[in-house]
Amino acid sequence: MLKRLLALSTTAAVGFTLAAPTPAQACSIYIPSDGLEFESLPAQVELYTDAAVAFNAVVAAVSVEDALGVLTVEASEGGTPIAGTVGWIAGLENPSNSVQYGIVTWTPDAPLAPGSSIELHLVVDNQSAFGSHTFNTDTTVALSVLDQSTPEITVTVDDVSLETHDTGTGERVCCDTDEENMCTGETTRCWHETLTPLPRLRGTFAPPAGIEHSAYVRLLRGVDGDASSAPGQSLAGDIPAGSEFSIDFDEEASSYCVAVEIVKIADGSATVSDTVCVDHAVIAGAEPTANELDLDQCIADPYYEESKEPFQPADEGEGCSCRAGDSSPTAWAWLLLALAVPLRTRRATVR
């Protein structure tokens, strides 16, 4: 008898290959259908005798409880059922399109027999519960059990470097356009007047082989020698060696630090890498710059968002280069989230 467990976790695990959004990002190129959708399901997974198995997933427009209600997971070996528990480890939510990222887990009730071959049958019946516009899943994943329990887990952080990323600051300038934002339907476009360089750490981490679908990763961050803060975004499932990451910091500090924590899903045990820090001196001297406002797409005079006063360029002789009366289409990148799920990306950005 399959038991169902809703394990809402504060660890905020998000599928690595889902490249989860930050709260400031408004929407995604990829908008999943209502209900539960797996990012991808492998044909075969190897796991240790004491391991659980995890798959990246997205819940859209419904509660996690309702989404798990349309999921059936059955495990068997040679026709003999194997008891286990289905769970959910929550990741970031994207309120703009009611999306919740996370991972679906299946944990066997007892250690698996070494060398056994298990069929894990997963069925998602979104259409019966949420409508014909949704997508169903009916697939089987072959689980090949290794001859031992999970060995000691170690993880290292490598190739850490510090750079800057430009962030919009100061007043915002807005104008009406004839291009509709595909995320919100709005035709108003706004820009920050100033771009401020802020710190960004880049690096890689190298977890051991054999835990690709049985553990998740948290990127820990901090400043001035400390890296104990989980920033609300983590990675899970399909963990490749040499995975790239980047972490953005909102303020300057004397140094910027990162560590990687791997959490074993079956028992919650965690392994943390050494903390790696980079001094601010590496990016010292970076100064704010004026943002290039793409006013060519405006069909009316631009204005300051807060005061509604007319926008005055630094060079008042420039005037406004609005396209008054010009309704020709303009290719402008209005998307705030460069995210095409489920692309097989190996990169994650954390704010």
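The values are calculated or read from the model by the stated rules, or taken from the named source; none is laboratory data. Everything numeric here is computed off the predicted structure, so don't read it as measured data. Glycine gets a Cβ as well: all are built from the backbone with ideal geometry, and neighbour counts include every protein chain shown.
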Can you spot a residue in the stretch 146-161 that is touching a helix residue (DSSP H, G or I) at 6+ places or on another chain (Cβ under 7 Å) and surrounded by 17 or more Cβ atoms within 10 Å (Cβ to Cβ)?
no
By my count, strands (runs of 3 or more DSSP E) wholly in the stretch 149-262 with at least 1 residues that are at pLDDT 95 or above are 156-176, 188-206
What strands (runs of 3 or more DSSP E), lying completely within the stretch 38-113, carry at least 3 residues that are of a type in the set (A, V, I, L, M) and either on the phi < 0 side of the Ramachandran plot or surrounded by fewer than 17 Cβ atoms within 10 Å (Cβ to Cβ) (or both)?
53-60, 71-77, 84-94, 99-108
Pick from the stretch 250-265, criterion of a type in the set (D, E, K, R) and under 21 Å from the mean Cα position of the chain (by Cα), ranking: nearest to T107 (Cα to Cα):
K264
Can you run down the residue pairs with Cβ atoms below 6 Å, 6 or more apart or on separate chains, where the first is in the stretch 181-207 and over 20 Å from D224 (Cα atoms) and the partner is at pLDDT 95 or above and not in a strand (DSSP E or B)?
C190/E305
For the stretch 275-296, enumerate the residues that are charged (D, E, K, R) and modelled with pLDDT under 95.
E287, E292, D294, D296
Quick one: what pairs do we get from the stretch 297-318, first residue at pLDDT 90 or above, second of a type in the set (S, T, N, Q), C-beta under 7 Å, 6+ apart or different chains?
Q297/T177; Q297/T330; C298/T177; I299/T177
Can you pull out every residue in the stretch 118-148 that is under 17 Å from V73 (Cβ atoms) and in a loop (DSSP other than H, G, I, E, B)?
D125, N136
Candidate set from the stretch 128-142 (those that are more than 26 Å from the chain's Cα centre (by Cα) and not hydroxyl-bearing (S, T, Y)); member that is surrounded by the most Cβ atoms within 10 Å (Cβ to Cβ)
A129
Can you find even one residue in the stretch 162-180 that is out of contact with any Lys or Arg (no Cβ under 9 Å at 6 or more places or on another chain), more than 30 Å from A43 (Cβ to Cβ) and free of Cβ contacts under 8 Å to residues at least 12 places away in the same chain?
yes
All positions within the stretch 116-168 that are closer than 30 Å to P197 by Cα and out of contact with any His (no Cβ under 9 Å at 6 or more places or on another chain)
T156, V157, D158, D159, V160, S161, E163, T164, H165, D166
Quick check on my filter: what residues within the stretch 50-92 are without any contact (Cβ under 8 Å) to a residue 24 or more places away in the chain and within 21 Å of the chain's Cα centre (by Cα)?
S63
Please indicate, with yes or no, whether at least one residue in the stretch 56-79 is at pLDDT below 95 and either within 17 Å of S214 (Cα to Cα) or aromatic (F, W, Y) (or both).
yes
Options E292, E251, E287, E244: the member that is of a type in the set (D, E) and free of Cβ contacts under 8 Å to residues at least 40 places away in the same chain:
E292
